[in-house]
Amino acid sequence: MSEPKYTYWLKSGIYSGMQKMAVLLFGIGSVLVLTRSLPKSDMGVWNLFLVYTGIIEIVRQSLIKNAVIKYINGHPASEHPLIQTAALYLNIAITLLIGILITGFIYPVSHLLQAPDLAPVMYLFLPGLLLLIPFSHFEWIQNANADFRGIFWGYLSRQGISFGLIIIHLLVAGQVSLTALILYYNAGLLGGTIISFFFARKFLHRPAAQYRAWFLQLWHFGKFVFGTNISSSVFRNTDQLVISSYISTAAVALYGVCMRISNLVDVPSQVLGDILFPRSAKMMEDGNLGMVKYYYEKAVGAILAIAVPASIVIMLFPKLILTIIAGKGYQEAAPVLQVTICYGIFLPFIKQFGTIMDSIGSPKTNFIVITVTAICNIFICMLLTRQIGIMGAAYGTMISYGICFIITQVILYRRLKINLLNVWQYMMAFYPDMLSVARQRLNPKWKTR
């Protein structure tokens, strides 16, 4: 089997990578600003808001995004208008249901989390929730067509407008409120939707009448991905919710900053997941499981080649990193950061497992694995947080990731004969391959042996 060079990943991932990096850099920028202008209790509420909006976006994406990518890449162009129409109507239905649930349940939930200010913030978000319908539809259609340029500019506009308005507000007024933050969040969504439309319009089709069969097919595929991503969201956010319930929103602020920093290491995994899914879905349509195995091992190896050195640096200098990003008031979170940064070792394996299971038509397997480990994580985090506080949540999540890693690798070995030694070899090969690509870019006449 010939092995494609990393040129494919570089070419396909450049805009996707810039989009993910822009989101995280603006997120880090907001941490730099808000940790120095908001009290920790308000910062904790803002982190909880971001947790909930993140879950909302994941819920909507899980029911539609992967199904759209899979079916558009696996069916002729004549079917694309039907798939797009079904996806749009399913998007609208899910979003309206989420809005109803927010209206009915956010008030008691906010009191359960000891964060009463969360409820009014979520109510102000409802107009932004409606804006997510066109924004996400444009994103998914571009993603299905492997065109990441418009996604990058859409997210850059969304994040840039919000961040710019926050900076202007602080320069004029000196401090910013939670109400202003959510209004600027919605304004960013509006700007991002407008920009994204201009890039997505070449892929858009007029609504088709005979979409009902595809509506049901998207739902049938997405229901397991939906369950998986709900479980995954619970998995990734249980620690912050438990900390809010058992300790305080100020403790959430400390933990949330650590998670923002740790998420920087997760960028390569997100980027290659976007690239790997349509690629492996196509391999699956062609019946080429050997290439699916190859892409998994090489993608994880590439991610680890970037994540491991970055994790080591952060682990060695946690107080310095926290001081630069959040200020001296957050240095006490250094031990938490040293634990959360270790998640980056497990995440590439676990995330790409989910991508592969979905692309080879086994979303149910992914759903069962993530759900079981998410339930375990709830009880482990609750137990350890009660015993040793905020560090208990970090250790509990780390233990749960370890359990999930073992389960996923056993399944991948049985299904695809995934070899962890190959992952290590691809990780080490990443550096000379990237050097070769860089040389070719700088000097096209230079040839590899």
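Here the peptides 109-119, 227-237, 77-87 are ranked by packing, the mean other Cβ count within 10 Å, and the order with the highest first is 227-237, 77-87, 109-119. Averaged over its residues, the chain has an accessible area of 43 Å² per residue, based on protein heavy atoms and a 1.4 Å probe.
Nonpolar atom fraction for the chain, defined as the carbon and sulfur part of the 1.4 Å probe accessible area, stands at 68 percent. Applying a DSSP loop filter and a limit of 15 other Cβ atoms within 10 Å to the trypsin sites (Lys or Arg not before Pro) in segment 15-61 leaves Arg36. Taking 7 Å steps out from each Cα toward its Cβ at Thr103 and Ile406 produces label points 4.7 nm apart.
Couplings for segment 189-200, taken from phi via the Karplus curve 6.51 cos²θ - 1.76 cosθ + 1.60 with θ = phi - 60°, read 4, 4, x, x, 5, 5, 5, 4, 4, 5, 8, 7 Hz in order; Gly and Pro are left as x.
The values are calculated or read from the model by the stated rules, or taken from the named source; none is laboratory data. A quick note: this is a predicted structure, and the numbers were derived from the prediction, not measured. Every residue, glycine as well, gets a Cβ built from its backbone with ideal geometry; the counts of neighbours run over all protein chains shown. With ligands, DNA and RNA removed, areas are computed over all heavy atoms of the protein, side chains included. Shrake-Rupley method; radii C 1.70, N 1.55, O 1.52, S 1.80 Å.
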